[in-house]
Amino acid sequence: MLQRTNSYICTLAALVAAAVWLLALPQHTEAAGARTAWVSSNHIQVIDLDTARVIGRLPLSEFIHDMDFSVDGNRVYVGSSKGLRVADANELRFVQQVSTSMTKAVAVSKDGSRVAAIHPGDREATQAARKAGLPLPPAKITIYSTLDMKEQSSWHVHAMTFDVLFAPSNDRVYVLVPPEGMVYVHDLSGAVLDTIQLVPRSPEGSHQGAMLTWMALSPDGRSLVVPGTTADRSFVAEVDLGNRRPLDERVVHQDLGHNRRIQGLAWDDDGSGVYVTAVNSMVKFNGLGLPIAWESMPLNYVDIEPIPGTNENVLVAPIFSKSNKSGGVAILGENGEFLRTVELPDMSPYFVAVRP
Amino acid sequence: MSRIKPLNIKARAVEASTDRDVRGYAFGDCCASFAPGWEVGTQDNADPCPWKSDLSLCWGTCYWMGQVPDYISYGEWLDTCGNIQNDWRNLCTIPDNG
C-alpha cells in the first residue's frame, strides 16, 4: 500500500515538474525570438511587439527608475529604488544584483563595454541635511565594466543629478543636473571636461524655475536634446555637439508653443528627429528643432521609444483605462495610427525600453 | 461641474462668479498642483491628467515637493504600488518629522 502511494506521489511530482517545465519553456522561447518592449513600474513586464501580448514578468517590488539594454540586447540593466540589477533578456529573470544603492539612471556605452549609474546619497544623511537646512549629500556616478560588473571608477556629483549618457566616443559622459540647469561633461575618471548651461541663471544663481527631465543623444552624437518646462512654456534645449553653430549659439531653445509638461523623450533611430510626449500629445522634431509631426493623444503617454528599423513607436500610459483600472502599452504606426494596444491590469507602466 | 445645480442663494452666487476657485497654478493642463486640490481641467472639464498618471515623474524630478516625497529620502515610496489605480492604498504615508 505504501509502495503504491509512493508511486502515485512520484508520478504526480513528475507530472507537476513536466507541467512547470512546459509552462516555462514557451516564455523563454518567445522572448528569445520576439521583438519585445520591456515596460516597468515596480516590476517589469515584457511585451511581444508583434502580438501585443505579455510574454513575461519579472517581479521585483522596487520602483524602477531606469532601464537600458546591452548593445547585443541580451542583458538589461535595471536601476531601482533599492539597487542596480542585471536581467537576462532571453530567460526573463534577474541574474545579478550589482549594487544595493538606489539607482536613479543607467546608461550603456555605445561599444557595450561599460555601464554608468547614478547612485543618490545616503537616505538618512539626506533627511538630516534637509531638516538642518544644509546642502544635501552628493550623489555618485559609478562606471561599471560590463564584463564582470565591477566598479571601474566613481565620483561625486550634485545631489539631484538626474540623468547620465555616454558620448559616442565612449570616453566621456554627459551628466544632467536640473537644479543648476546644467549638463556636465566628465571623462571616465570624473574630471570635468566641459559644462553646458541649458537655462540662463538668474542673479541669485537659480535657473528660473525650469524643470529639466531627461537627455537624449542623436544617433550620430552631434545633437543632445533636453526638454524643459517652466510655468509659462515648454521647450526643447538642443545642444550642438558637432560644432555646427558658433559657441555662443551652442544651446538653442525650441519653443513648443504650450506649457504642457514634457514627459517622454526619444530620438528616432534613423536620426530623423526626436519624439516628445506631453500631456495628450506627441510631437516629432527634426534635427533643427522644428516640429515635423504632431499627434493628438487621447491619453497621457509618459514614455516613448522607437522600434529600431521600423517607423513604429511604443508608448506607455500609466492610466490606460480608468474603467478597467489598467495601465497600457500602444504601438503606433508611421502616421501615428494605433496598430496594437495591450492593457496591463496589474501595472501602471512609466518607462519603456525596446530590445535592440 | 455642469451636472451640479445650485440650490440656494449662496450657491447661485458662487456659480455666477467668474473668479474660479479651482485653478491650476503651476501648469495649465498638467497634474502638477491644483488649488484647492481637486482634479479638474482649467475649463472645469474632467481631469486631463489624473494625478496618478505621471506620479513617478513628479516624484523623480522632485519638482513638486508638496505633492510627493522626494526620491532620495523616501526611495521606497512606490515600491508596493505596481498599478497606481489599484494599489494606491499601498503608498507609504510619509511622516512629518519637522
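Quick note: the coordinates plus some simple rules give every number you see, no bench work behind them. Here the structure is a predicted model, which is why all the values come from computation and not from measurement. Here the Cβ positions follow ideal geometry from the backbone for every residue, glycine too, while neighbour counts run over all protein chains shown.
Here is how the numbers come out for the structure above:
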read-out	value
0 to 90° range, to nearest 10: angle between helix A:2-33 axis and chain A longest Cα axis	30
Packing rank of B:71-77, A:78-84, where each peptide gets the mean count of other beta carbons within 10 Å, highest leading	A:78-84, B:71-77
Number of partner chain Cβ atoms within 10 Å, mean per residue of A:217-225	0
Peptide ranges A:180-189, A:297-306, A:315-324 listed from the most packed, as the mean C-beta count within 10 angstrom indicates	A:297-306, A:315-324, A:180-189
Nonlocal amide H pairs with residue A:328, under 5 Å, H built at 1.01 Å	A:317, A:320, A:344
Under the Karplus curve 6.51 cos²θ - 1.76 cosθ + 1.60, θ = phi - 60°, whole-Hz ³J(HN,Hα) for segment A:71-85, x wherever Gly or Pro sits	4, 7, x, 8, 10, 10, 9, 10, x, 10, 5, 10, x, 10, 10
10 Å Cβ neighbours from other chains, averaged over peptide B:79-91	6
Folded to 0 to 90 degrees: helix A:123-132 orientation relative to chain A principal axis, Cα	40
Rel. contact order, % - alpha carbon contacts under 8 angstrom, at least six apart, segment A:106-158	32
Under 14 Å, Cβ to Cβ, from residue A:148 - net charge with Lys/Arg +1 and Asp/Glu -1	+2
Beta bridges per DSSP with both ends in segment A:43-176, % antiparallel, nearest 5	100
Cα-based Rg and Dmax for chain A, where Dmax is the largest Cα-Cα distance (Å)	22.1, 91
Euclidean distance of C-alpha centroids, segment A:46-81 and segment A:177-201, integer Å	29
Coil-residue GluC sites (Glu not before Pro) of segment A:299-349, DSSP, other Cβ within 10 Å capped at 11	A:334, A:337
Average Cα contact separation per residue, chain A, under 8 Å, 6 or more apart, as relative contact order %	10
